[in-house]
Amino acid sequence: MQYFSLQNHQHRVSFETAVVEGLAPDKGLYFPERIPVADSNFLQSLHEYSDHEIAYRVISPFVGEEIGEADLRNIIAGTLHFPFPIQKVSDRSYALELFHGPTLAFKDVGARFMAGCLGHFRKNKSQPVTVLVATSGDTGGAVASGFHHVPGVQVVILYPSGKVSTLQEKQLTTLNGNITALEIQGSFDDCQRMVKAAFLDKELQAHMSLTSANSINVARWLPQMFYYFLAYKQMKAAHPKLAFSVPSGNFGNICAGMMAAAMGLPVAHFIAATNVNDTVPRFMESGQYTPGKAVPTLSNAMDVADPSNFVRVLQLFGNNLPSLREKCSSYSFTDSQTVATMRQVWKDYHYILDPHGAVGYLGLQQYLPEHPEVSGVFLETAHPVKFEDTAPEEIRDYISIPERVRALYSKEKKSVLLPPEESALKAWLLQQ
Ligand SMILES: *Cc1c(COP(=O)(O)O)cnc(C)c1O
C-alpha cells in the first residue's frame, strides 16, 4: 500500500516511509492511496474469528508486503494482549472499555502497534532511531510502555515538571532501559517547542536519527480500527443497528472508526462528542472551520482547538459536508454537564464514567432518543482512576486501582531535569 500526503497527492511513499517519517516533508498527513474492502462473508461471521485474526485481516492490506505475515501477526499479538469488554450502562447504551491496557489508556493500542512496526523496520539497521516526544500526561506513558525493550529504538520523553499526575509521572520515569524521561522546568508548550526545534536542527539530524511517535502517525492511527470491529463482533447478533459515540480531541480515534466503516463495517452513525473545545461541532453546523484557542477542561486529553486528524475525516468524505453530516453528528458538552452525568450514571446504574467517557455517553444520549431503532456504543477511553482527583466525591471511594498500577507507586522515579530551553535539549541529545 502506498500513502500520499494530504498536502500533495502526487507525493507517495511506502508504509515504512510513512511510519518512519510520521509527517510528510510538506507537513501533510499521510493517507492510504485506496481503501481496502472487507469481505462480506468475513463481516457476517465475525463472531467466528479470534480478535487477533480479525485484527490481522483488517490491517494487513494497509501494511501490504512490507511486513511478512508471521511478523505482522506477532506485532498484533503484542498489541492486543488485553481485553476490550463491553458493559451495558443504560437503555441501548453500552460502554466499550478501552482502558484495560498496560497504562490504562486507549492509546496503548496505537502506541504498541507503532512500536512493533518501527522496531521491525529498524531491526537490521546499525544506527538506532531516537523517538522524541513531548507529553502533557497520557501519550507519554503509552509510548514509553509500548516502546520499552524494542531493539534499535531509544525513547526520549519530555514532560512538564509538576504538571502531570503522580501516576502519570511514575509511568514515564520508572521504566529505564531504552526510555529516558526529561523533566522540563516549564510548561507542556515549552516541551513541544523544544521537540519541534530539535526536529528542525540540522546538526542534530546529522548526529542522530530522530523521529516522533505522535498521534498522526499512520501506525498509531489505523490500528484504532480494531476497536470498532471488535465491538461489532460482540454486539451484532442482538443489535443490528449500531451507532458509535467517540469522545474526541484530535479526531484520530473517530477517524479510524470511519475508515472501518469505509471498509464495509456496518455502522449506523457516528457521534463525535467533544468538550467545550467545539471547533468541529461548530463546523458541522455552519460549514466554517474556525479553531479558537484550546480551553482547559476536566476531559483534558480532548482539550484540542484544531484537531489534527480532521483533515483525514474530510478526505474520507470527499470534502463533502452534506455526506459527512449524513454519517456523523457532533455535539459539545460543558464540564458541569460532564460531572452531572458522572453523578447520575453512578446513582442510577452504578457505573463509573471517567470525564472523557462521560462526554461520549452524553453524545449518545443526545442522539438515541430520535433514533429508537439504534443501539449505541460509547468509547470509554480512560480508566476512572486516572482522573480520580476531579471525580465527584461520592464516586471517588469506589474507584479501584488495578494491581499493575498500584505496583508503580513504590518504584523509584528517574528523570533528567532540564531548563525549558531548546539549547538545553540539544546539548543533552548531542551527548547521547
Ligand atoms: C487521546 C484521548 C482522547 C481523544 O482521542 P483522539 O483520537 O485524539 O480524538 C479521548 N480520551 C482520552 C482518555 C484520550 O487519552
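The values are calculated or read from the model by the stated rules, or taken from the named source; none is laboratory data. None of these values were measured; they are calculated from a predicted model. Cβ coordinates were reconstructed from backbone atoms using ideal geometry, including for glycine residues, and neighbour counts include every protein chain displayed. Just the protein is used for accessible areas: all its heavy atoms, side chains included, with ligands, DNA and RNA removed. Shrake-Rupley method; radii C 1.70, N 1.55, O 1.52, S 1.80 Å.
Which of Q168, A95, I179 sits farthest toward the positive end of the charge dipole of the chain, with +1 on the Cβ of Lys and Arg and -1 on the Cβ of Asp and Glu?
I179
Any idea of D348's accessible area? Nearest 10 Å², probe 1.4 Å.
Counting only protein heavy atoms, the figure is 80 Å².
Leaving ligands, DNA and RNA out of it, report the carbon-plus-sulfur percent of the accessible area of the chain at a 1.4 Å probe. Mind showing how you got there, number by number?
Working: 8610 of 17660 Å².
Heavy-atom surface of the chain belonging to carbon and sulfur, 1.4 Å probe: 49 percent.
Take every DSSP beta bridge with both residues inside the range 88-172 and express the antiparallel ones as a percent of the total, to the nearest 5.
On the way: 2 of 8 bridges.
That works out to approximately 25 percent antiparallel.
Could you work out how far the C-alpha centroid of the range 202-266 sits from that of the range 267-287, in angstrom?
If we compute the Cα centre of each part, the gap is 17 Å.
Considering only the chain, what is the antiparallel percent among its DSSP beta bridges, to the nearest 5?
Working: 12 of 49 bridges.
In the chain, DSSP labels about 25 percent of beta bridges as antiparallel.
Pick out, in residue order, every one of the GluC sites (Glu not before Pro) in the range 333-406 that is DSSP loop and has at most 15 other C-beta atoms within 10 Å; say none if there are none. Numbers along the way, then the final one.
Numbers: sites: E370, E373, E380, E388, E393, E394, E403; in loops: E373.
Passing both the DSSP loop test and the Cβ count: E373.
Could you work out how far apart the two model spin labels at E326 and A197 are, taking each label as a point 7 Å from the Cα in the direction of the beta carbon, and quote it in nm?
5.0 nm
Run through the range 31-115 and list the trypsin sites (Lys or Arg not before Pro) located in a DSSP loop whose Cβ has at most 16 other Cβ atoms within 10 Å.
Working: sites: R34, R57, R73, K88, R92, K107, R112; in loops: R34, R92.
Loop-located and lightly packed - R34.
Rolling a 1.4 Å sphere over the protein heavy atoms, what is the accessible area per residue of the range 354-432, to the nearest Å²?
Numbers: 3960 Å² over 79 residues.
I get 50 Å² per residue for this part.
Quick check on the range 334-405: what does the Kirkwood estimate of hydrodynamic radius come out to from the alpha carbon pairs, in Å? Mind dumping the intermediate values first?
Working: mean 1/r = 0.0776 Å⁻¹.
Hydrodynamic radius (Kirkwood, Cα only) of the range 334-405 equals 12.9 Å.
Mind pulling the per residue volume of the convex hull built on the Cα atoms of the chain? Å³ is fine.
Values: hull volume 60.3 nm³, N = 432.
Residue-normalised Cα hull volume stands at 140 Å³.
Please list the non-local residues whose amide H lies under 5 Å from the amide H of G186, H modeled 1.01 Å from N, same-chain partners needing a gap of 5 or more.
Residues meeting the amide H criterion: S161.
Once phi is turned into θ = phi - 60°, what whole-Hz ³J(HN,Hα) does the Karplus curve with 6.51, -1.76 and 1.60 give for every residue of the range 8-23, x standing for Gly and Pro?
7, 5, 7, 7, 10, 9, 6, 4, 4, 4, 4, 6, 6, 7, x, 10
Please state the charge dipole magnitude for the chain, taken about the Cα centre, from unit charges on C-beta atoms (+1 on K and R, -1 on D and E), reported in debye and rounded to the nearest 20. Before the final figure, lay out each step's value.
Working: 36 positive and 42 negative charges, 93 e Å.
Once rounded to the nearest 20, the dipole reads 440 debye.
Which whole-number value in Å³ per residue fits the convex hull of the alpha carbons of the range 256-412? Before the final figure, lay out the partial values.
Working: hull volume 24.6 nm³, N = 157.
Looking at the range 256-412, the number lands at 157 Å³ per residue.
Expressed as a whole number of Å, what is the distance separating the alpha-carbon centroids of the range 377-413 and the range 122-146?
Computed from Cα coordinates, the inter-centre distance equals 24 Å.
What ³J(HN,Hα) values, in whole Hz, does the Karplus curve 6.51 cos²θ - 1.76 cosθ + 1.60 give for the range 318-331 when θ = phi - 60°, with x put for Gly and Pro?
Using θ = phi - 60°, the values come out as x, 6, 10, 4, x, 6, 5, 4, 5, 9, 8, 10, 9, 10 Hz.
Rounded to the nearest 5, what is the percent of antiparallel bridges among the DSSP beta bridges in the range 89-232?
Details: 1 of 16 bridges.
In the range 89-232, approximately 5 percent of DSSP beta bridges are antiparallel ones.
Under the rule of -39500 (n - 2.57) per DSSP H run of 4 or more residues, summed and divided by the residues of the chain, what mean residue ellipticity at 222 nm is obtained, to the nearest 500 deg cm²/dmol? Mind showing how you got there, number by number?
Values: 20 runs with 182 residues, N = 432.
For the chain, the value works out to -12000 deg cm²/dmol.
Please report the accessible area of D389 (heavy atoms, 1.4 Å probe, ligands and nucleic acids excluded) in Å², nearest 10.
130 Å²
Relative to the compact globular guide of 2.2 N^0.38 Å, what is the alpha carbon radius of gyration of the range 125-282, as a ratio? Walk me through the numbers before you get to the answer.
Numbers: Rg = 18.7 Å, N = 158, 2.2 N^0.38 = 15.1 Å.
Against the empirical 2.2 N^0.38 Å value, I get 1.24 for the range 125-282.
Taking the alpha carbon gyration tensor of the range 79-206, what are the square roots of 5 times its eigenvalues, largest first, to the nearest whole Å?
Values: eigenvalues 166, 78, 30 Å².
So the three semi-axes of the range 79-206 are 29, 20, 12 Å.
Net charge around P102, counting only other residues with Cβ within less than 15 Å of its Cβ (Lys, Arg = +1; Asp, Glu = -1)? Please report the intermediate quantities before stating the final value.
On the way: positive: K107, R112, K170, K386, R404, R406, K411; negative: E97, D108, D138, E403.
Counting the neighbours of P102, the net charge comes to +3.
Just from the alpha-carbon atoms, what are the Rg and Dmax of the range 229-307 in angstroms?
Reported Rg and Dmax, both Å: 14.3, 44.
Taking the inverse of the average 1/r across all pairs of different Cα atoms in the range 4-60, what Kirkwood radius in Å do you get?
Numbers: mean 1/r = 0.0752 Å⁻¹.
Taking every pair of different Cα atoms in the range 4-60, averaging 1/r and inverting gives 13.3 Å.
Which whole-number value in Å² is the accessible area per residue of the range 1-130, probe 1.4 Å? Write out the running numbers ahead of the final one.
Values: 5570 Å² over 130 residues.
Result: 43 Å² of accessible area for each residue.
Once you have the Cα-Cα distance between L417 and I401, take 0.36 nm times their residue separation minus that, and quote the gain in nm to one decimal. The partial results should precede the final answer.
Working: separation 16, 0.36 × 16 = 5.76 nm, distance 2.91 nm.
Gain on extension, L417 to I401, equals 2.9 nm.
Provide the FRET efficiency to the nearest 0.05 for the L430-H11 pair, computing r from the beta carbons and using R0 = 25 Å.
Numbers: r = 31 Å, r/R0 = 1.25.
E between L430 and H11, to the nearest 0.05, is 0.20.
Using a simple charge model, +1 on the beta-carbon of Lys and Arg, -1 on the beta-carbon of Asp and Glu, nothing else, what dipole does the range 259-354 show about its Cα centre, in debye to the nearest 20?
On the way: 7 positive and 8 negative charges, 26 e Å.
So the dipole magnitude of the range 259-354 works out to roughly 120 debye.
Just V153, V143, V405 to compare: in a GNM of the chain, with alpha carbon springs under 10 Å, which one fluctuates most?
Looking only at V153, V143, V405, the largest GNM fluctuation is found for V405.
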